[in-house]
């Protein structure tokens, strides 16, 4: 059975990359570790909180890669410790979030085993672009005129 896409509408031209990004996100979130929350923190602000108990600041990285927020955690296994029971996994993880245009990372901090990443929406620039309409005998050179 073919998968129906939200982006199949003829009104949405050039959105193939969004569909591919959506597929990547769906596959990347199949693993539920570490658990996370996404909160609305005002009209133009979000907070992502990941439960990263056992990780130190040196074990975690927060990076922007293209249009993705990528959070990685890697613990170094202490060879000097002898565990009689090991129920707390020391595993590495990578969690990715696709950022919409205009979303920027405002900051990140670690507190009580929770990694908080604040995001904000940049003020949108309003642009109007006028496309010249040519008659059937006029050459088409694809020029458009910007009006701000």
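The values are calculated or read from the model by the stated rules, or taken from the named source; none is laboratory data. Since we're looking at a predicted model, the values are computed, not measured. All Cβ positions, even for glycine, are placed from backbone atoms using ideal geometry, and neighbour counts span all protein chains on display.
The residue of region 103-122 that is surrounded by the fewest Cβ atoms within 10 Å (Cβ to Cβ), among those that are in contact with a strand residue (DSSP E or B) (Cβ under 9 Å, 6 or more places away or on another chain) and in a loop (DSSP other than H, G, I, E, B), is 122. The C-beta contact set for region 119-148 (first residue at positive phi and modelled with pLDDT of 55 or more, second residue assigned to a loop (DSSP other than H, G, I, E, B) and surrounded by 10 or more Cβ atoms within 10 Å (Cβ to Cβ), distance under 7 angstrom, 6+ apart or interchain) is empty. Among the residues of region 59-102, just one is within 23 Å of residue 120 (Cα to Cα), in a loop (DSSP other than H, G, I, E, B) and touching a helix residue (DSSP H, G or I) at 6+ places or on another chain (Cβ under 9 Å), namely 67.
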